[in-house]
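The values are calculated or read from the model by the stated rules, or taken from the named source; none is laboratory data. Every value quoted in this text rests on a predicted model; they were computed, and no experiment measured them. When we count neighbours, we look across all protein chains shown, and the Cβ atoms used for this are built from the backbone with ideal geometry, even at glycine.
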Amino acid sequence: MEPREVLGTRLRLLLDLLDDGVTALYPQLGLDGFRPRYAPVLRQLALEGPSSIRDLARAIGVTHSAASQTVAQLAREELVGLSPGADARQRIVHLTPKAEALLPAMDQERLATDAAVAELEAELPYPLTRLVDEALEALRRRPMRERTGAAARRR
């Protein structure tokens with residue numbers, strides 16, 4: 001396998017293992033059917049109150065498309081409501097009472113996950129969170145498309 005395939009495959013496996021471990025905790029906390037991608041949106045809304053999808057995306061560090069897809073899933077689960085924004089293109093997202101009732105369980109999950117991450121990082125020679133932050137910053141400075149384009153031109 002080429003390094004790109006190995007890296008991408010291994011990163012997806014790492015993310016799957018992390019998400020699966022957290023997801024396994026959800027039923028114990030009364031969060032049946034909850035998905036890891038819901039948590040950042042719901043936490044942000046709990047922290048800052050109603051928000052546009054664009055502002056949510058910016059705050060949690062995902063694309064507008066990813067935030068919009070997650071909000072649509074949350075709306076289907078009746079965890080968020082949507083109302084018109086200042087203009088016709090904007091929708092404002094807010095927590096529903098159903099979501100607000102889940103916040104204490106989400107706090108328990110967050111504490112358990114933070115403790116598990118600290119334990120994992122203690123086993124590693126370099127903190128994973130720091131490495132991910134540094135990789136993201138390097139890709140913000142010079143995106144992968146520029147790196148691959150330059151590499152292709154050198155060949």
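Scanning the stretch 45-72 for residues that are without any contact (Cβ under 8 Å) to a residue 24 or more places away in the chain and of a type in the set (S, T, N, Q) turns up T63, S65, S68, Q69. Quick one: how many residues across the stretch 75-94 are closer than 11 Å to S52 by Cβ and assigned to a loop (DSSP other than H, G, I, E, B)? Count: 5.
The rows are residues; the columns are (1) among the β-branched types (V, I, T); (2) exposed (fewer than 14 other Cβ atoms within 10 Å of the Cβ).
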position: Q44; (1), (2): no, no
position: P50; (1), (2): no, no
position: T63; (1), (2): yes, yes
position: V80; (1), (2): yes, no
position: V93; (1), (2): yes, no
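Among the residues of the stretch 66-117, those identified as of a type in the set (S, T, Y) and closer than 28 Å to L15 by Cα are S68, T70, T113.
Taking the conditions (1) outside any loop (DSSP other than H, G, I, E, B); (2) free of Cβ contacts under 8 Å to residues at least 40 places away in the same chain in turn, L42 satisfies each one other than (2). Of the candidates A67, A72, A116, the single residue that is of a type in the set (A, V, I, L, M, F, W, C) and closer than 18 Å to E48 by Cβ is A67. Taking the conditions (1) among the hydroxyl-bearing types (S, T, Y); (2) modelled with pLDDT of 95 or more; (3) touching a His at 6+ places or on another chain (Cβ under 9 Å) in turn, S83 satisfies each one other than (2).
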